[in-house]
Every structure is written in structure tokens, then in C-alpha cells.
Amino acid sequence: MDKIKIHGGKALEGKIFISGAKNAALPLICASLLTDETITLTNVPMLSDIKAMNDLLTQHGTKINEFDDFVDGHSTKTYSYRTKEVESFVAPYDYVRKMRASYYVLGPLLARYGKCELSLPGGCAIGARPMDIHLSSLEKMGAKIEIKNGYIHANVDGRLKGAHIIFPGVSVGATCNVLMAAVLAEGRTVLENSAKEPEIGDLAKLLNAMGAKISGIGTAVLTIDGVEKLHGAVHKVIADRIEAGSYAVAAAITRGRIELINAQIETLRRPIQVLRDMGVNVEETETGLIVDAKGCELTGKDIMTEPFPGFPTDLQAQFLALMMTAKGASMVTETIFENRFMHVPELLRMGANINVHGHASAIVRHVDKLSGAPVMATDLRASFALVLAGLIAEGETVVNRVYHLDRGYEKLEEKLRSVGADIVRVKEDEE
Ligand code: UD1
């Protein structure tokens, strides 16, 4: 397995181009299953999760073409997806276990063909992550759902039926899945207590470009008037707010200055507010953001994760790392996932002063310095928090299990090196 080696101590300075959002691209790719025409997605990030989703769709029968592209000043990928006929209605265990977001094939396949067999994803490092909200909502639309041998067997006679659904909890995945099912259902579906994450707005925008009739985009109540058929469309994936927030913290934690080109301010209001409250200068520009912490003395702030527009759980680990360098104590509270402080024991090994209380909160106290160490994390965002710690630690930090980072950070070492970080990837066979 590859490793990342970092020598800390450099204030990062320069520009970083923000890539297309992984969490937007994954459901957008699955939306292509809703039509027999071509869906073209531009600004798709080059990530292992995207490759995994493309592999899954290929086994379902989708023909995928990949093109090199240049969007908003940086090189990226454009993909075209065409599913004339589905060859397999099964999303097998071997695909789903590698990437939970494979469950986004469920809504589209059920809506277009009336059947899908999906391996149940099971829990993961950050929590149990059940699919009960997805499934009960699809049942309200007329689907018959059975769980057998670790698989969800979903069927419907004819088309799904529009329904009035009040989600019992706010779920990004369930909102996307049910939205994709509702666009081809018979009649009107109203989804109350929908998640409002920008990635859902991006999905709704593509679906409307394909001929769907969705209103209330960006609000908690989505109204969908089902149509019989959808057509092809071209769509640009929105910028990755979590990547942008992660590099904003890289600027702040190293007391550097990074311009985040293509960052979308409206998707980052809460994290920007926290950075400003801590004493970081954040300037909004026409092309993105400038995060400037040069010469700043930062003060700790309490943060609590919440559904959008609240503070994102996917930036909790990175901000927790930043709090280690801020004056005083900061309380970090996690409300979305039940096991999301797995980075803390590794940070403690680098000299951090953090107390985790139960599974819900952590008190982070200021430390004067961290020292480099071999570390590893169990999930994507926690791994980035360890990279951040490595950027300020004395000596060498070796981050293991780099495959977590490759799932969600495009060209990570290249981007950090371009702003002055001393960071290299060591291939397994170079050891
Ligand atoms: C998505 C993101 C993930 C992010 C999360 C919360 C993708 C591919 N992943 O994950 O990066 O951290 O949103 O912003 O976009 N829940 C249930 N039953 C369900 C569905 C969810 O209890 O049927 C619970 C989950 O266990 C969790 C909470 O609801 O505690 C929120 O989960 P959800 O918003 O669904 O997260 P994901 O879509 O899995």
C-alpha cells in the first residue's frame, strides 16, 4: 500500500484549483441510468470512487467514454454515459462493499425498469449507516422490498406511484435516491424534510435538464411531477466544497495564504464563518476564496456538525486538527455519525491534547507543537486531518492507507506541493 511522507513546518502559499465534487458526481453518474440517451458530465474529478462507480455502471450495461478536458482553468475529465439497455439488475456485493454510494443505482433502476437487487452496504468505520429511510420511502411509492441473503430485492409492477413522504431523518443519500425514483413515477411526489446539501441541488438540476419536473430545489420540500421518459443532457459537476474547506484549513493551520480557485462561497458559508470567528482572514473573490492566516493568532471556537447549511460532518476532522493550533479550548460535537473521532487517537500519538467524551464530543486544547509519527486513519476525511497535522509537525509524518485519500482528494500531493508543502507519495514497491 502507498504511503504519504510529509516534513512539516512550511507556511503554504499559492493557488489551488478546486475539483468537481465527488459527492455530486456519484449520484449524477447514476442518474444516467434513468434514460436510454447520452448523459455527458464535465468537471468530473479523477478519483478511485468515480472509477468504482464507472465500473459498477459498466457491469449494469452502461457504455462509458472518457475524455480529457480543461474546465475553469484546470485539467479534468469529461465522461459520457449511455445505458440503452440494462444487462444486469444486480449491484453485487464486491462493488457495493468498496463504495457505499453504489446504492444510488437503486432509485434509477427501480424507476426505469421496476427492479433492482442491491447488496446491502452494511456499516462502515464512521457508523452503522442503515438504509431504512431509502427503503421505507420507496415502499411508500409502491415498491415491494425484501431483504434476502444480504441483498435488497426491490420490485414494482408497472411504474412507481407518486407519494407524500416526510423523511423521518435528514439523509443526503435517501433524498437523492428517492428523488431519482420520483422523476419517472406516476403522478406527484412531495418530499418533506429533504436534505438541502448543494450536491442534491446539482442532481436536481441535471434531472430537470433531462426533462424532469422538480421544484423547491435548495429547500427542504421537493415537489416532483413524474414524467414518462427522460432524455440526454450535458451537465457540469459543481465544485467540491469539502475539498475547498480542507485546503482552507491547510492555509489556516500552516498560517499561510492559499487562493482557492473555483471554490463556491455559497456552499461554504458556515465553515467560512468559523474560520473568520477564529481570526483567519477569508476574502471572497470573483473566482473563489482567499484564505489568509499569515501572522494570525487564532482563537478556538466550538463547532457542531449539522445537515447543510450547518457545519458539515465531512469537515469536522480537518477543523478539529486546526483547533489544536488555536488559543484556549474548543469543543467539537458530532451529531451526524456515531463514530467519527477515529482520527483523535492518531493525533494524540503526535502530541495533541484532546479528550473525547463518549462518541459525541471532543475537547481540543492548544498545544505548542506536534511531532511527526507514522499514522493511519480509517476513513477519508480523518486521513486528511492527519495530513494537516503532518504539515505542522516537527520531523517526518508518514500517513498510511493512502487509498482512503485517493477516494476523495484529486492530485492531493501535487496540489499541496504546488503551494510549498514538503510531501511525497512513496509507492509500495519503492520501500
Ligand atoms: C453523505 C455523504 C457523506 C456525508 C453525509 C452527511 C455521499 C456519497 N456521502 O452520506 O460524505 O458525510 O452525506 O453529510 O454523498 N441514516 C439512517 N437511515 C437511512 C439513511 C441515513 O439512519 O436510511 C442516518 C445515517 O446513518 C447518518 C445520518 O442518517 O447517521 C445521515 O446520513 P446520510 O445523510 O444519509 O449520509 P450519506 O448519504 O450516507
Exercise. When ligands, DNA and RNA are left out and all protein chains stay put, how many square angstrom of accessible area per residue does the stretch 268-366 have with a 1.4 Å probe?
Worked result: 41
Seminar exercise, completed: Cross-link reach from residue 205 to aspartates and glutamates, straight Cα distance under 14 Å and at least 8 residues apart if same chain, gives 197
For this session: Go ahead and estimate [θ] at 222 nm for the chain from helices alone: -39,500 (n - 2.57) per DSSP H run with n ≥ 4, summed, over the residue count, rounded to 500.
Result: -8500 deg cm²/dmol
Problem set entry | Rounded to whole Å, sorted largest first: equivalent-ellipsoid semi-axes of the stretch 122-185, Cα gyration tensor | 21, 16, 9
Seminar exercise, completed: The farthest towards the positive end of the charge dipole of the chain, of the residues 75, 345, 291, given +1 on Cβ of Lys and Arg and -1 on Cβ of Asp and Glu, is 345
Seminar exercise, completed: Percent relative contact order for the stretch 22-236, counting Cα pairs under 8 Å at least six residues apart, stands at 21
For this session: With an 8 Å cut-off on Cα pairs and a minimum separation of 6 or more residues, tell me the relative contact order of the stretch 209-310 in percent.
Result: 22
Exercise. When only Cα pairs under 8 Å and 6 or more residues apart are kept, what is the percent relative contact order across the chain?
Worked result: 21
For this session: Starting from the Cα of residue 124, step 7 Å along the direction of its Cβ; do the same at residue 229; then give the gap between the two resulting points in nm.
Result: 3.7
Seminar exercise, completed: Given unit charges at Cβ for Lys, Arg (+) and Asp, Glu (-), the dipole magnitude of the stretch 38-174 about its Cα centre in debye, nearest 20, is 360
For this session: Output the Kirkwood hydrodynamic radius of the chain, Cα pairs only, in Å rounded to one decimal.
Result: 22.1
For this session: With 10 Å bins from zero, work out the P(r) of the stretch 1-71 over every alpha carbon pair and list the percent per bin.
Result: 15, 41, 25, 14, 6, 0
Seminar exercise, completed: To the nearest Å², the heavy-atom accessible area per residue of the stretch 378-421 with 1.4 Å probe amounts to 28
Exercise. Dipole of the chain (Lys/Arg Cβ +1, Asp/Glu Cβ -1, origin at the Cα centre): which of 170, 421, 183 lies farthest to the positive side?
Worked result: 170
Problem set entry | Surrounding net charge for residue 85, when Lys and Arg each add one and Asp and Glu each subtract one, Cβ distance under 12 Å | +2
For this session: For the chain, with all protein chains present and a 1.4 Å probe, just round the carbon and sulfur fraction of the accessible area to a whole percent.
Result: 50
Problem set entry | Cβ charges +1 (Lys, Arg) and -1 (Asp, Glu), total dipole of the chain, debye | 460
Exercise. What does the accessible area per residue of the stretch 53-139 come to in Å², with a 1.4 Å probe and no ligands, DNA or RNA counted?
Worked result: 42
Exercise. Once the Cα gyration tensor of the stretch 206-289 is diagonalised, what are the square roots of 5 times its eigenvalues, in whole Å and ordered largest first, as equivalent ellipsoid semi-axes?
Worked result: 36, 14, 9
Exercise. Semi-axes of the stretch 267-406's equivalent ellipsoid from the Cα gyration tensor, sqrt of 5 times each eigenvalue, largest first, rounded to whole Å?
Worked result: 22, 18, 16
Problem set entry | For residue 153, net neighbour charge (Lys/Arg +1, Asp/Glu -1) across residues whose Cβ lies under 10 Å away | +1
Exercise. Can you give the direction-averaged projected area of the convex hull of the alpha-carbon atoms in the stretch 73-187, in nm²?
Worked result: 9.5
Exercise. Hull surface divided by four, with the convex hull built on the Cα atoms of the stretch 22-236: how many nm²?
Worked result: 10.7
Problem set entry | Volume per residue of the C-alpha convex hull in the stretch 363-411, rounded to whole Å³ | 85
Exercise. Which Cα, out of 335, 263, 119, lies furthest along the positive dipole direction of the chain (beta carbon charges, K/R +1, D/E -1)?
Worked result: 335
Problem set entry | Cβ-placed point charges (K, R +1; D, E -1), dipole of the stretch 192-344 about Cα centre in debye, nearest 20 | 220
Exercise. Based on the inverse mean of 1/r over its pairs of different Cα atoms, what is the Kirkwood hydrodynamic radius of the stretch 129-246, in Å?
Worked result: 14.9
For this session: Straight distance only, please: which lysines reach the Cα of residue 148 with their own Cα at less than 25 Å, same-chain residues fewer than 8 apart left out?
Result: 98, 115, 140, 161
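The values are calculated or read from the model by the stated rules, or taken from the named source; none is laboratory data. Predicted, not measured: the structure shown is a model, and the values here were computed from it. Positions of Cβ are generated from backbone atoms using ideal geometry, with glycine treated the same way; all protein chains shown enter the neighbour counts. Side chains are part of the model used for accessible areas, which takes the heavy atoms of the whole protein and leaves out ligands, DNA and RNA. Shrake-Rupley method; radii C 1.70, N 1.55, O 1.52, S 1.80 Å.
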